[in-house]
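Read-outs throughout are calculated quantities, based only on the coordinates presented, and are distinct from any laboratory measurement. Everything quoted here is computed from the prediction, not taken from an experiment. Every residue, glycine among them, receives a Cβ derived from its backbone with ideal geometry; neighbour counts consider all protein chains shown.
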Amino acid sequence: MNIVCTTEKLKNAVGLAERMTGKALTLPTLHALLLTATGNSLKIRATNLTLGIEIEIPAKIEAEGLVLVKGEILANVCNHLSDASEVRLSLSHDNLTIESAHNTTVIKCLPPDEFPTLPVVDGEQIEIKTSVLQEGIRSVYFCAAVTDIKPEIASIFMYTEENTLVFVATDSFRLAEKKISVKGIPEISKILIPFKNIADILRVLDTAPETIRIIYSRNQIAFIANGLYLTSRLIDGGFPPYQLIIPKETLTKVVLLKQELLNTLRLSTIFADKFFQVSFAIPEDKKHITLSSKNSDVGSSISEVSAAIEGSPIEVDFNLKYFLDVFQALSGDSVVISFTQPNKPIVVKSVSDTSFLYLLMPTNR
């Protein structure tokens with residue numbers, strides 16, 4: 001192998017692929033990147049067996065070939081080549097030589113025939129704007145369970161209803177749902193993407209073009225764009241019928257300024273106990289809500305927040321951290337909180353955007 005390519009494209013591709021190597025796995029091959037030079041391009045491939053990526057960048061190929069090198073080593077070398085616009089990669093006697101204007105580095109190679117192939121996904125196909133996929137995932141992923149005990153909820157659930165793409169995540173204590181209108185989208189009955197792959201998928205989507213193609217089967221999904229092929233394992237299971245727990249009626253509805261509520265909740269964290277419990281109370285006069293937290297070792301906090309209130313007085317306790325998490329997904333200046341009964345979940349929405357719904361279970365006193 002003997003090629004020349006731009007330093008910046010090589011650095012970006014290697015940096016992205018290296019994050020998906022199997023660093024926690026004992027097989028040395030999975031710590032490595034496979035570089036394949038053919039035609040007019042260089043392909044960089046990585047996998048950790050649940051997630052795999054292949055990135056293709058343009059290159060001047062003087063001699064075709066392939067090489068397997070440790071991903072962390074190659075990424076560190078590329079990060080220190082910023083003084084050169086081009087870089088040459090050549091293979092000789094199982095060593096990869098990387099030459100720039102002021103530096104020559106030699107990296108020992110691994111046997112390339114031991115590197116696993118990436119799955120070729122054959123199944124249903126859809127084409128979608130990358131921004132839609134990013135918005136949907138980012139709106140809900142913080143609610144997914146992080147344990148593998150229940151893999152069906154340690155995932156992001158995607159499905160369609162009519163011309164709407166729906167994203168859902170839950171850890172059984174809270175739930176987030178985001179609906180995005182996508183005209184003409186084909187029917188999707190179920191896609192369950194493992195939560196542990198989501199951060200890497202979002203990182204790749206940040207570099208993807210405006211439109212991306214998705215192919216999915218029962219066990220695999222692939223995201224395809226110009227010069228990019230990303231594949232992930234899917235969860236083969238059933239997501240809980242979450243619609244059944246969304247309250248159908250409202251006992252009390254509260255509208256507040258989002259920033260004022262957020263500031264008050266942050267103040268409450270200073271005095272929260274080890275369970276991060278905060279109490280919401282709506283008094284008889286219904287002119288404000290009261291938020292209180294107490295820690296026997298630190299002190300206590302009681303705050304009043306002005307609100308527009310409809311319905312009956314109520315007092316409910318919640319996990320403060322779970323409540324704070326939702327603000328990353330709420331748009332607009334005001335939020336509406338709907339209460340049913342003290343032991344039933346509340347629903348949090350933005351006043352100006354009803355496409356997002358957040359369900360939060362109360363805590364036991």
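222 nm [θ] for the chain, helices only, -39500 (n - 2.57) per DSSP H run of 4+, per residue, to 500? Write down the numbers at each step before the final one.
Values: 6 runs with 59 residues, N = 365.
My calculation for the chain gives -4500 deg cm²/dmol from helical runs alone.
Contact order, relative form, for the chain: 13 percent (alpha carbon pairs under 8 Å, 6 or more residues apart, mean separation divided by residue count). With θ taken as phi - 60° and the Karplus curve 6.51 cos²θ - 1.76 cosθ + 1.60 applied, the whole-hertz 3J(HN,Hα) list for region 290-307 is 10, 10, 9, 9, 8, 9, 4, 8, 10, x, 8, 9, 10, 10, 10, 10, 4, 7 Hz, x standing for glycine and proline. Residue by residue, region 246-254 carries 3J(HN,Hα) couplings of 6, x, 8, 9, 10, 8, 9, 10, 10 Hz when phi is fed to the Karplus relation 6.51 cos²θ - 1.76 cosθ + 1.60 (θ = phi - 60°); x denotes Gly or Pro.
3J(HN,Hα) couplings calculated from phi for region 312-319 with the Karplus curve 6.51 cos²θ - 1.76 cosθ + 1.60 (θ = phi - 60°) are, in sequence order, 9, x, 7, 9, 9, 9, 9, 6 Hz; Gly and Pro show x. Residues Tyr358, Tyr159, ranked from the fewest to the most other C-beta atoms within 10 Å, line up as Tyr159, Tyr358.
Summing Cβ point charges (Lys, Arg +1; Asp, Glu -1) relative to the Cα centre of the chain gives a dipole of roughly 460 debye. Once Rg and the Kirkwood radius are both taken over the C-alpha atoms of region 2-114, their ratio Rg/Rh works out to 0.93. Once you reduce region 36-98 and region 130-174 to the center of their Cα atoms, the two points are 34 Å from each other. If you bin all the Cα-Cα distances of the chain at 20 Å, starting from zero, the percentages per bin are 26, 43, 26, 5, 0. A straight Cα-to-Cα reach below 15 Å connects Lys258 with the aspartates and glutamates Glu304, Asp325, Asp333, Asp353, residues fewer than 8 places away in its own chain not being considered. Coordinate range of the alpha-carbon atoms in region 136-256 per principal axis, descending: 53, 36, 28 Å. Arg88 sits among other residues whose Cβ lies under 12 Å from its own Cβ, and their net charge, with Lys and Arg +1 and Asp and Glu -1, is -2.
Region 1-29 and region 220-272 have Cα centres spaced 33 Å apart. Seen from all directions on average, region 246-360 presents a Cα convex hull projection of 6.7 nm².
Sorting Met1, Met158 by the number of Cβ atoms found within 10 Å of their own Cβ, with the fewest placed first, yields Met1, Met158.
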